[in-house]
């Protein structure tokens, strides 16, 4: 019997869907939905699955990106996927947006990638990852979290790596690069894709949880005002 895997990511302005049949990527949708994610997501999924003559009941394994990122987007994605998985009696693989960003860059080439997302309030969400080949997920080299730029560089310096040996990735180079003036020009903008996210899901199958065990990884409280 074929095993279908569906990934959903709403952590940024982009909404992505990915579908795999066993180990083969079958398709993806990547759309800059902005604040319309909750309204568009049900229809996007319906039309996406119908293109393959599938329904949510045919999905064997779900995944959802649980953060960090947009507080509203995280809630939209988690609520949507946990309901689908609960109704179908299937499990969910929770994914980090930071790992997903790194995976976009190093899933084929390998190497080292620092994911730095704009967090607002002068802070960033950050993580550092090492590619582990064509079948394993990236290895996290220090704990993902919310950092001031200074604390992120302190964590990075603890790895003894040189910044020029690392791919520096971000969702918002115009906001993040000025926070790292000594090498801000090194940042590359990465847009999430459903194909990479569903491939990463397959590599993390052993982390699958029930719908009731999925929680958001905000890393900090929302800014007020």
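For segment 91-111, which positions are free of Cβ contacts under 8 Å to residues at least 60 places away in the same chain and crowded, with 21+ Cβ neighbours inside 10 Å?
Once the filter is applied, which keeps residues that are free of Cβ contacts under 8 Å to residues at least 60 places away in the same chain and crowded, with 21+ Cβ neighbours inside 10 Å, segment 91-111 yields only 98.
Taking residue 149 as the residue in question, decide whether it is more than 15 Å from residue 116 (Cβ to Cβ) and surrounded by 13 or more Cβ atoms within 10 Å (Cβ to Cβ).
Judged against the criteria, residue 149 is not a match.
Only one of these is farther than 19 Å from residue 66 by Cβ and under 17 Å from the mean Cα position of the chain (by Cα): 205, 130, 160, 175. Name it.
Result of the check over 205, 130, 160, 175: 130.
Can you pull out the residues in segment 50-69 that are surrounded by 20 or more Cβ atoms within 10 Å (Cβ to Cβ) and out of contact with any strand residue (DSSP E or B) (no Cβ under 7 Å at 6 or more places or on another chain)?
67
If you take just the strands (runs of 3 or more DSSP E) that sit entirely in segment 7-92, which of them hold at least 3 residues that are at pLDDT 95 or above and over 14 Å from the mean Cα position of the chain (by Cα)?
14-21, 24-32
Among the helices (runs of 4 or more DSSP H) contained in segment 109-225, which hold 3 or more residues that are in the same structural domain as residue 22 (by TED's automatic domain parsing) and out of contact with any helix residue (DSSP H, G or I) (no Cβ under 6 Å at 6 or more places or on another chain)?
By residue number, 194-203.
In segment 120-136, what count of residues is obtained for those that are closer than 16 Å to residue 169 by Cβ and either surrounded by fewer than 22 Cβ atoms within 10 Å (Cβ to Cβ) or out of contact with any strand residue (DSSP E or B) (no Cβ under 6 Å at 6 or more places or on another chain) (or both)?
2
I need the full set of residues from segment 164-187 which are touching a residue at least 24 places away in the same chain (Cβ under 8 Å) and surrounded by 13 or more Cβ atoms within 10 Å (Cβ to Cβ), in order please.
So the first thing to find is which residues in segment 164-187 are touching a residue at least 24 places away in the same chain (Cβ under 8 Å), and the list is 165-172, 175-176, 179-180, 187.
Correct list: 166, 167, 168, 169, 170, 171, 172, 175, 176, 179, 180, 187.
Scanning for something more than 20 Å from residue 28 (Cβ to Cβ) and in contact (Cβ under 8 Å) with a residue 12 or more places away in the chain, does segment 194-207 turn up at least one residue?
Yes, there is a match, as at least one residue in segment 194-207 is more than 20 Å from residue 28 (Cβ to Cβ) and in contact (Cβ under 8 Å) with a residue 12 or more places away in the chain.
So, residue 87, is that one touching a strand residue (DSSP E or B) at 6+ places or on another chain (Cβ under 6 Å) and either without any contact (Cβ under 8 Å) to a residue 60 or more places away in the chain or over 19 Å from residue 107 (Cα atoms) (or both) or not?
No, not satisfied.
The values are calculated or read from the model by the stated rules, or taken from the named source; none is laboratory data. Quick caveat, the model's predicted, so the values are computed rather than measured. Positions of Cβ are backbone-derived with ideal geometry, glycine not excepted, and every protein chain shown enters the neighbour counts.
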